[in-house]
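A.B. asks: The structure that follows is given in the form of structure tokens.
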Amino acid sequence: MDSKYDSLNEAAAAAKATELLAGQSLSLGGNLVTKWDTNEVSNWLVSIGYNDLVPLFQQSNINGVALSRLDDRLLREIGILNVGTRLQFLNEIVKVQAIARSEWRNHTVWTDSEYRQPCCCFM
């Protein structure tokens, strides 16, 4: 595709928007957070400095959808017992939740089944 038309490509525009909104650590090459598998979640954990949480998240099979729904109770259930670590990590989860909501809105607006062309009737 010609580079001057890249911005018109929905996938490229979504990837660029995700990177701009989320920063490098949440964009993972433009993949939607809610589409991340457990390996991509592990890569994200390493990129933000939570290497010690990787085994807990893999053992609990946390993917992108599950990541966007985590709260304090679930983090405790996974095995993150240190209050300070949980609170600091919840700040990262809030960012993930904001991006997931943004992805959902973007998907809802642009999917064919939801997007309706305006009706213009001239008489």
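A.B. asks: With a 1.4 Å probe and all protein chains kept in place, how much accessible area does residue 83 have, in Å² rounded to the nearest 10?
C.D. replies: Accessible area of residue 83: about 80 Å².
A.B. asks: Ordering 48, 93 from largest to smallest accessible area (1.4 angstrom probe), what's the sequence?
C.D. replies: Ranking 48, 93 by accessible area, largest first, yields 48, 93.
A.B. asks: Here's something else I'd like to know. What accessible surface, in Å², does a 1.4 Å probe find on residue 62, ignoring ligands, DNA and RNA and rounding to the nearest 10?
C.D. replies: The value for residue 62 is about 10 Å².
A.B. asks: Per-residue HN-Hα couplings for region 81-97, Karplus 6.51 cos²θ - 1.76 cosθ + 1.60 at θ = phi - 60°, whole Hz, x for Gly and Pro?
C.D. replies: Values per residue, Gly and Pro as x: 8, 6, 4, x, 4, 4, 5, 5, 5, 4, 4, 5, 5, 4, 5, 4, 5 Hz.
The values are calculated or read from the model by the stated rules, or taken from the named source; none is laboratory data. Since we're looking at a predicted model, the values are computed, not measured. Calculation scope for accessible area: heavy atoms of the full protein, side chains included, ligands and nucleic acids excluded. Shrake-Rupley method; radii C 1.70, N 1.55, O 1.52, S 1.80 Å.
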